[in-house]
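The values are calculated or read from the model by the stated rules, or taken from the named source; none is laboratory data. Bear in mind that the values here come from a model prediction, so they are computed numbers and not experimental data. Neighbour counts run over all protein chains shown; Cβ positions are idealised from the backbone, glycine included.
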Amino acid sequence: MTSDIEELPKAMHRLVKKLTKEMLWIYILRLLQERPHYGYEIKELVTKRFGFSPATVSGYAIIYRLVKDGLIQEQKGSESTRKYYEITEEGSQAMREAKRFLSKTMETVFDLTEI
């Protein structure tokens, strides 16, 4: 995220890890909301857009799990040798549910916290 993170308490380091690398599926679905992408491109875009670098193996493992869960699918009719992935309706619904959950969590947990 930012270089300032090294100066933060260990609890903050754990929070960042939980909300980035351990929740990689949300970032992948977010990218696929824009257009289909191939695996390595997704990893590069996560780093560029969201400021953290997941391991390549982790990215592919999450992609495999998202396909298995029906949240993304291999793009039909792609003539490329690369596998392109696109978000499904189930994936879009999962994003809506995740947003509702995280919004509610932010409201209830940080209701007394000023920025």
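Observations on the structure shown:
- Tally, over segment 16-29, of residues that are surrounded by 13 or more Cβ atoms within 10 Å (Cβ to Cβ) and free of Cβ contacts under 8 Å to residues at least 12 places away in the same chain: 2
- The set of residues from segment 68-96 being part of a helix (DSSP H, G or I) and within 14 Å of the chain's Cα centre (by Cα) comprises 91, 92, 94, 95, 96.
- Output for segment 30-64, where each listed residue is among the basic types (Lys, Arg), surrounded by 14 or more Cβ atoms within 10 Å (Cβ to Cβ) and within 21 Å of residue 96 (Cβ to Cβ): 30
- Per the listing 33, 93, the residue uniquely at pLDDT 95 or above, touching a strand residue (DSSP E or B) at 6+ places or on another chain (Cβ under 7 Å) and among the polar types (S, T, N, Q) is 33.
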